[in-house]
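Written out below as structure tokens is the structure these notes cover.
The values are calculated or read from the model by the stated rules, or taken from the named source; none is laboratory data. Because the structure is a prediction, the values reported are computed rather than measured. Note that we place each Cβ from the backbone using ideal geometry, even for glycine, and neighbour counts take in every protein chain shown.
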Amino acid sequence: MSHRLPKGGRIDRNRPLDFVYDGKRYSGFAGDTLASALLANGVATVGRSFKYHRPRGVMAAGCEEPNAIVQLERGARTEPNLKATQVPLYQGLYAQAVNCWPNARWDVLGFLQWFKPVMPAGFYYKTFMQPSWHWYERAIRAAAGLGTSPLEADPDRYDQCHASCDVLVVGAGPAGLAAALAAGRAGARVILLDDKEEIGGSLLYEPGGEATAWLARAAADLRSLPNVALQTRTTAFGYYDHNHVQALQQLHQDGPVKDRAPRQRLLKIRAAEVVLATGAIERPLVFPNNDRPGVMLVDAARHYLHRYAVVPGRRIVVATTHDSAYQAAIELRQAGVTIEAVVDGRAVAEASVVQQARSLGIPVILGVAPTDVFGAHGVTGVEIHAITPDGSAVQGSGRHFTADSLLMCGGWNPAVHLFSQSGGGLRYDEAALSFVPSRSVQRERSVGAAAGDFGDLKTVLAQAEAAGGAAAAARPPGAAATTTRPALKPLWEVDVSPLGRSTIKSWCDYLSDVTSSDLKLAVRENFRSVEHVKRYTTNGMAADQGKTSNVNAIGIVGRALNVPPGEVGTTKFRPPFDPVSFGAIAGRNVGVFYQPCRRLPTHDRQLELGAVMEDFGRWLRPAYYPKAGEREHEAIAREVCSARTAVSLMDASPLGKILVQGPDAADFLHRMYVNNIRSLKPGFCRYGLMLGEDGIVLDDGIVSRLDERTFLVGTTSGKAERIAEWFEEWLQCEWVELDVIVEPVTTQWATMTLAGPKAREVLQRLGTSIDLSATAFPHMALRSGLLDEVPVRIVRVSFSGELSYEISVPFNYGLALWDALLAAGTESGIAPIGVETLMTLRIEKGFLHVGSDTDGMTLPQDIGFSEIMNKKPDDFVGRRSAHCPEGKRADRRQLVGLEIEGGTALKVGAHIVGNDYSRPPYRSQGWVTSSIFSPTLHRPVAMAMVQSGRERMGQQVRVFDGGTLITATIINPTVYDPSGERIHG
Amino acid sequence: MGEGSVVFKARSALGTYEGAVGRSVVYVPGLHVTEEPLLPVYSLRVSRKLGAVAAQAFATACGVPLPRQPNTCAGTAEFASAWVEPLAWLLLGRKVPIAVAEVAPPPGIYLTELGARFCSLQLSGVRAPRLLAAAMSLDLADGSFAAGSCARTRLAALGGAFLQRLTGDTDYRLLVDVGLGPIVAEWLADAAALLIPGTIKHRDAVFPDGGSLP
């Protein structure tokens, strides 16, 4: 039977739309949501509950909907766990209910609801334990959960945008519109957000008259103000520090996006002042079987009536404890629906609305509440009983109504989510029976229903205007206006125990499948804090974040604890208010923009040379250069051979460089390094080791002295920024008396490394103004000059173990330098080498690599720096920590080399064990930190951190490598050219 | 000089050689993003012991007075000074005064050439603020970031950037690390294509659909 009225609503009846839900075809109209279209088609059962697979119907009309959870579309565009109330209908829409099979109407797991008595909240902490939880895990995980995540990459695009304004108004209902108008007219830059397509909020379904006229005028006025930006379909979901609010804008909701246009946009808004006009959310009543399909919130029914011309049924019972429900009953009656009765849990209601309802022939019964609902897949009847002032049903007062829908209203909760996220404090309002904003901590104010103001429209508008004007003037929010409210009766649940019935089917949280009996069980099991009750029962933890359940739960828990709701308090509100797609959070930071890498000055040339490029410290660098048919290890072996026998070329521009200048520069660096920097002469360089305050090895690099007051500090590639900040921290916070300047210059200079026995001859061929002879330019010296009028700086330093020069020119000449060196080196057999090759060369030489051979526990004495530290009389950062008792232990792990039996390289991370090892558990003596198969020595070579390593030279150990034990001998790590002849050539 | 004389040519982050015109990254109605290749940039720092007054005296003597307010610029379109930190400024522009390029600063004043460290992009057109809003959280309204303003900020997930609002309606100079220049250009082009319907992305530049390359 169709529930669509022949006229009315804000749908476009000239644009019919077809869609598929749970395998069946239906039709609706443009302007419908999926939920309104299903209701119009008389579909009562739209989903199954999370734990018990109970049939459920549409209960609400917006983001608070807990039942109509759907999986939208298929394939790459499928999206799980959307609320049908928020999905706009479009031609060809495909959706299915989640958590059921084969569909919501006929679910094979529907029998689980009969096991509710043995599956209360927290049952899984007490069952499915023996012999092991893992026996049951797979089946339980398969049975649980809601929708399915897509398995293909998201084809849609998402945008992000920053925005700033003087006044941000969240919510374009009457209060929000009034505030935005006032702020806009005062000249402030205003951004007004609303999650719906049309502004107006509750005014959209006022049946004509003054309110409608005011809305039309307000909308026109707003649009005429150039300083007001209106963003519809935009949900503010997070309120962060310093008035930073984030919102999600739906850009495209008419089916799959075409032409790569963005589907959603994440707005990041910084506002000087914020006005929250987020309205209020209706509360359900808690009584047995209140979750049947056909049971709906009163205001939702009003919403469907006026916006979609859909009625929830033809014979309706309205159950309420609030005056607002009467208006809905009257309007439904006027639309031709039979209202069987308005059953009001209060002994007294507002006389005028009762009178008006009765005058239309609507029976009104006071002091009663629903105690049961009948009909598994749609309401067939409602039972009511008289109730005592504390909500207990009175035996013998039962009455039955035949009905196809039950509407319920247990009161209203101001939507205080964003307010609470901002850090504001709530208080429990005894008159309104809800939590309302009490104390702001940021420049923010709440207006209208969001502030707990449920007064008449005129008063609400006036107060909102005042708030908007104050926000525009950047005046702090004034004291909250107090309005006299009629007394409301708290009815957290209808107690049916006097009827001999249990409350195991009195639903509180529909989405998490939590009943009032679960909440009371939690209290009996001594969970007293509302945060503990939440987590034990999962009330409020589902996708709706407890929008319709939290306050009822607080009331029920309060009764169980015998404390008022204000003392129970609320749980912590956290963003997002409504789910946000990962796509929107990622924005365009996907693909190449996900982890963007810096490019070398020679990037294009590297690609031409066929380099395999990889991310090394967020620089895109060549790993190696395979020739046709070569595998990785073959290419690396060839490149190593070039470096050892001829000459190699590498773009080493990512090496960190920091200029440190000033009369106290030497003293400063002397304090920052383990090494003696003061004694370094101009024109020379020294290897420097830097520690953290905890004594742990932080970084290493070459420190060059350019003149008396100028040093160029080298750092590990990719670390220069952090080290420069580290320097600044010491200079600005600790040693303010030192006269030192720090200037990061990593990418001011391109650096090419020429290494190999023929390096000097190639450099001479290049043609600089520098004397490159061995006597004039020894190892660890620095020289500056010109290369065709371009400044050049050359440091003779080696990480490969060969004669080596690091040649630096301004970055924009880097490509020219590379080309020139390659050309100059052709007759010497020059070959470009990658980072993998460099690592192989340095492991053969036994050179330390911070980060590979060190970790968060490595002290300088572990890597052979004891003598240097002991020789240095002056203090340096980390000295005291390095000499703590732990640092003085004789059995610390020390960096050594390993000579390996057999021809296979060890795996990095393989553990060192003694000869007494037989099987785990066994205390490791250390592990392999670097390992290669040496192309130069034709055997495996490794470095390792080994317990008391340096005292055990020559000792045999075993290495536990992937289940195999391999014999190795502890040796000095320098296996290639131990005398250093080749470096000093 | 040694055996081979080498003639070196400087090349910008986006591949423009010295003397050539800067590349267009975005060229659509209302939005132009163009490279400023090989823009001269200097870092001016002063010792804490001397203070900003000494830096001001030196800079003024060089013909480039320093701005007095944080996050502002002084000077002309051809060469300007920009506040970066209380004791640090950037001097930047095509017409470098001889005093800046060739005269050694007095003790306590440090002038470091950093032109090679940056990739400079100019953004102009009514849509430029909207494009920048996709990347940075700065409030670019006239009242907050007027002509002559500058700031260091983050550029999306790409890293740090320096933004200078030049004189003129909506003209901006964006400095990013030279190593990030290509990816930043690509990112801006991608953002522009998303922002403006009817544009196409040609490799890493955006032009009107059907329009010809400039």
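Residues in region A:1-33 that are closer than 20 Å to residue A:253 by Cα and among the hydrophobic types (A, V, I, L, M, F, W, C) were compared, and the one that is surrounded by the fewest Cβ atoms within 10 Å (Cβ to Cβ) is A:20. When residue A:783 is tested against (1) farther than 23 Å from residue A:818 by Cα; (2) surrounded by fewer than 19 Cβ atoms within 10 Å (Cβ to Cβ); (3) among the charged types (D, E, K, R); (4) more than 12 Å from chain B (Cβ to nearest Cβ), just one condition goes unmet, and that condition is (1).
Being surrounded by 19 or more Cβ atoms within 10 Å (Cβ to Cβ) and part of a loop (DSSP other than H, G, I, E, B) narrows it down to one of A:100, A:165, so name that one. Among A:100, A:165, only A:100 is surrounded by 19 or more Cβ atoms within 10 Å (Cβ to Cβ) and part of a loop (DSSP other than H, G, I, E, B). Among the residues of region A:32-77, those that are part of a helix (DSSP H, G or I) and farther than 17 Å from residue A:4 by Cα comprise A:75, A:76, A:77. So which residues in region A:612-623 are more than 11 Å from chain B (Cβ to nearest Cβ) and on the phi > 0 side of the Ramachandran plot? Within region A:612-623, just A:617 meets the criteria.
Considering only region A:591-611, I want to know if a residue exists there that is touching a Gly at 6+ places or on another chain (Cβ under 9 Å), away from every other protein chain (no Cβ under 14 Å), surrounded by 17 or more Cβ atoms within 10 Å (Cβ to Cβ) and in contact (Cβ under 8 Å) with a residue 60 or more places away in the chain. The answer is yes; a qualifying residue exists.
If you go through region A:282-315 and keep only what is farther than 22 Å from residue A:28 by Cβ and either assigned to a loop (DSSP other than H, G, I, E, B) or touching a Ser or Thr at 6+ places or on another chain (Cβ under 6 Å) (or both), you end up with A:283, A:284, A:285, A:286, A:287, A:288, A:289, A:290, A:291, A:292, A:315.
For the subset of region A:753-778 comprising residues that are surrounded by 16 or more Cβ atoms within 10 Å (Cβ to Cβ) and aliphatic (A, V, I, L, M), which member is farthest from the other protein chains (Cβ to nearest Cβ)? Filtering region A:753-778 for residues that are surrounded by 16 or more Cβ atoms within 10 Å (Cβ to Cβ) and aliphatic (A, V, I, L, M), the one farthest from the other protein chains (Cβ to nearest Cβ) comes out as A:755. Where residues in region A:153-171 are among the charged types (D, E, K, R) and within 13 Å of chain B (Cβ to nearest Cβ), which of them is farthest from residue A:250 (Cα to Cα)? The extreme case among them is A:166. Among the residues of region B:121-150, those that are within 13 Å of chain A (Cβ to nearest Cβ) and among the hydrophobic types (A, V, I, L, M, F, W, C) comprise B:131, B:132, B:133, B:134, B:135, B:136, B:138, B:140, B:141, B:145. When residue A:330 is tested against (1) hydrophobic (A, V, I, L, M, F, W, C); (2) free of Cβ contacts under 8 Å to residues at least 40 places away in the same chain; (3) buried (at least 24 other Cβ atoms within 10 Å of the Cβ), only condition (3) is not met. Among the candidates A:694, A:699, A:651, the residue that is in contact (Cβ under 8 Å) with a residue 60 or more places away in the chain and within 14 Å of another protein chain (Cβ to nearest Cβ) is uniquely A:651. When region A:357-385 is filtered for residues that are farther than 23 Å from residue A:310 by Cα and among the polar types (S, T, N, Q), the ones remaining, listed by number, are A:359, A:371.
For region B:78-96, which positions are away from chain A (no Cβ under 13 Å) and either in a strand (DSSP E or B) or out of contact with any strand residue (DSSP E or B) (no Cβ under 9 Å at 6 or more places or on another chain) (or both)? Across region B:78-96, the qualifying residues are B:78, B:80, B:81, B:82, B:83, B:91, B:92, B:95.
The single condition among (1) under 22 Å from residue A:818 (Cα atoms); (2) within 14 Å of chain B (Cβ to nearest Cβ) that residue A:711 does not satisfy is (1). For the residues B:135, B:116, B:101, the requirement of being over 14 Å from the mean Cα position of the chain (by Cα) and either part of a loop (DSSP other than H, G, I, E, B) or at pLDDT 95 or above (or both) singles out B:135. Going residue by residue through region A:629-637, is there one that turns out to be within 13 Å of chain B (Cβ to nearest Cβ), touching a residue at least 12 places away in the same chain (Cβ under 8 Å) and surrounded by 15 or more Cβ atoms within 10 Å (Cβ to Cβ)? Scanning region A:629-637, I find no residue that is within 13 Å of chain B (Cβ to nearest Cβ), touching a residue at least 12 places away in the same chain (Cβ under 8 Å) and surrounded by 15 or more Cβ atoms within 10 Å (Cβ to Cβ), so the answer is no.
Evaluate the following for residue A:178: is it farther than 17 Å from residue A:229 by Cα and touching a residue at least 60 places away in the same chain (Cβ under 8 Å)? Spelling it out, it is not the case that residue A:178 is farther than 17 Å from residue A:229 by Cα and touching a residue at least 60 places away in the same chain (Cβ under 8 Å). The residue that is surrounded by the most Cβ atoms within 10 Å (Cβ to Cβ), counting only those in region B:36-79 that are under 16 Å from residue B:172 (Cα atoms) and of a type in the set (Gly, Ala, Ser), is B:75. One residue is enough: does region A:258-269 have a residue meeting the conditions without any contact (Cβ under 8 Å) to a residue 24 or more places away in the chain and either surrounded by fewer than 24 Cβ atoms within 10 Å (Cβ to Cβ) or in a strand (DSSP E or B) (or both)? Yes: region A:258-269 contains one or more residues that are without any contact (Cβ under 8 Å) to a residue 24 or more places away in the chain and either surrounded by fewer than 24 Cβ atoms within 10 Å (Cβ to Cβ) or in a strand (DSSP E or B) (or both). Number of residues in region A:824-853 that are modelled with pLDDT under 95 and of a type in the set (Val, Ile, Thr): the value is 1. Residue A:378: free of Cβ contacts under 8 Å to residues at least 40 places away in the same chain, outside any helix (DSSP H, G or I) and at positive phi, yes or no? Here the answer is no, as residue A:378 does not meet what is asked. All of (1) within 19 Å of residue B:132 (Cβ to Cβ); (2) of a type outside the set (Phe, Trp, Tyr); (3) part of a strand (DSSP E or B) hold for residue B:39 with one exception: (3). Please pick out the residue among B:69, B:56 that is of a type in the set (S, T, N, Q), assigned to a loop (DSSP other than H, G, I, E, B), under 28 Å from residue A:733 (Cα atoms) and not assigned by TED's automatic domain parsing to the domain that holds residue B:173. Unique residue meeting the criteria: B:69. Scan region A:906-946 for residues that are surrounded by 20 or more Cβ atoms within 10 Å (Cβ to Cβ) and either of a type in the set (A, V, I, L, M) or under 39 Å from the mean Cα position of the chain (by Cα) (or both) and the total you get is 15.
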